[in-house]
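Participant: Encoded as structure tokens, here's the structure I'll be asking about.
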Amino acid sequence: MNTYKKYCPNVFVAQCTEKHEKGEEITITTKYGKENEHIVYNLLMKKNGFYYYSIIRADGFNSQERAKNKVDKLENWAAAAEKRANEWSEKSQEGKEFLELGEPIHVGHHSEARHRALLDRNWRRIGNSVKEMDKAESYEDRASYWEKMAKKIDLSMPESIDFFKQQLEEAKEYHKGLKDGTIERPHSLALSYASKKVNDLKKKYELALKLWA
């Protein structure tokens, strides 16, 4: 049986008991028993009797598509919460005409209980409306985050080769400029940070090549 194995951040590979060829379609089973079809890319290593391959989903589903699904779900939740907020707000208008008169509560009068109950109901409804609006805003904030993630390229995608190659070239150029003085250093640690970025991107680019070249 083929299963998933985490290889590095954002990347799961196929752990297989049998050898496969590049381009071959295989079925991988999750720890929950769900099966997904994947296309084999590169053999990364052989260890303890298992073959480890970089893979992509045969249906094209990746981290970007996963993020888009989250955006859709959160936007639907936000819309539903906003609808509930509006409904509670409308309900809080019960007895609006009477309340707008500013009539005080007549203590001891037979209307006292109804008056207090009306105020209590509307106060609770306003509170519920505020809670639902808070939920809607929270969902919208989370949707904004996942919208950004839907555009992100990471090592789980073959496109990461070109992406990290470009990032590395830009980082090297910036580092070179800081070093030779053609780019002004914004602070004393700028060169060190730039050097670290170059090293980090170099590792990512080399890993992208190993996974997808």
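Participant: Sort out which residues of the stretch 174-192 are surrounded by fewer than 13 Cβ atoms within 10 Å (Cβ to Cβ) and part of a helix (DSSP H, G or I), and write them in order of number. Break it down into steps so the answer makes sense when it comes.
Facilitator: Here is the first cut: in the stretch 174-192, the residues surrounded by fewer than 13 Cβ atoms within 10 Å (Cβ to Cβ) are 180-182, 184, 186-189, 192.
Correct list: 180, 192.
Participant: Search the stretch 152-172 for residues that are surrounded by 14 or more Cβ atoms within 10 Å (Cβ to Cβ) and pair each with any residue that is modelled with pLDDT of 95 or more and polar (S, T, N, Q) when their beta-carbon atoms are under 8 Å apart and the residues are at least 6 apart or on different chains.
Facilitator: 153/160; 154/160
Participant: To continue, here is another question. Take residue 135 and tell me if it is within 20 Å of the chain's Cα centre (by Cα), at pLDDT below 95 and closer than 26 Å to residue 70 by Cα.
Facilitator: No; evaluated as a whole, the condition is false for this residue.
Participant: For the stretch 7-42, what are the residues that are surrounded by fewer than 17 Cβ atoms within 10 Å (Cβ to Cβ) and either hydroxyl-bearing (Ser, Thr, Tyr) or on the phi > 0 side of the Ramachandran plot (or both)?
Facilitator: Matches in the stretch 7-42: 10, 17, 23, 27, 29, 30, 32, 33.
Participant: Just one of 171, 143 is over 30 Å from residue 72 (Cα atoms) and outside the structural domain of residue 39 (by TED's automatic domain parsing); which is it? Talk me through it step by step, then tell me what you get.
Facilitator: Values: 143 fails: over 30 Å from residue 72 (Cα atoms).
One residue alone meets the criteria, 171.
Participant: Run down 70, 31 and say which single residue is charged (D, E, K, R) and not in a loop (DSSP other than H, G, I, E, B).
Facilitator: Sole residue among the options that is charged (D, E, K, R) and not in a loop (DSSP other than H, G, I, E, B): 70.
Participant: Any chance you could count how many residues in the stretch 29-45 are more than 21 Å from residue 210 (Cα to Cα) and of a type in the set (Val, Ile, Thr)?
Facilitator: The number of residues fulfilling the criteria is 2.
Participant: Continuing with this model, one more query. Which one of the conditions (1) at pLDDT below 95; (2) outside any helix (DSSP H, G or I) does residue 99 fail to meet, given that it meets all the rest?
Facilitator: All conditions pass for residue 99, except number (2).
The values are calculated or read from the model by the stated rules, or taken from the named source; none is laboratory data. What you are looking at is a predicted structure, and each value in this text was computed from that prediction instead of being measured. Cβ atoms come from the backbone with ideal geometry, glycine included; neighbour counts cover every protein chain shown.
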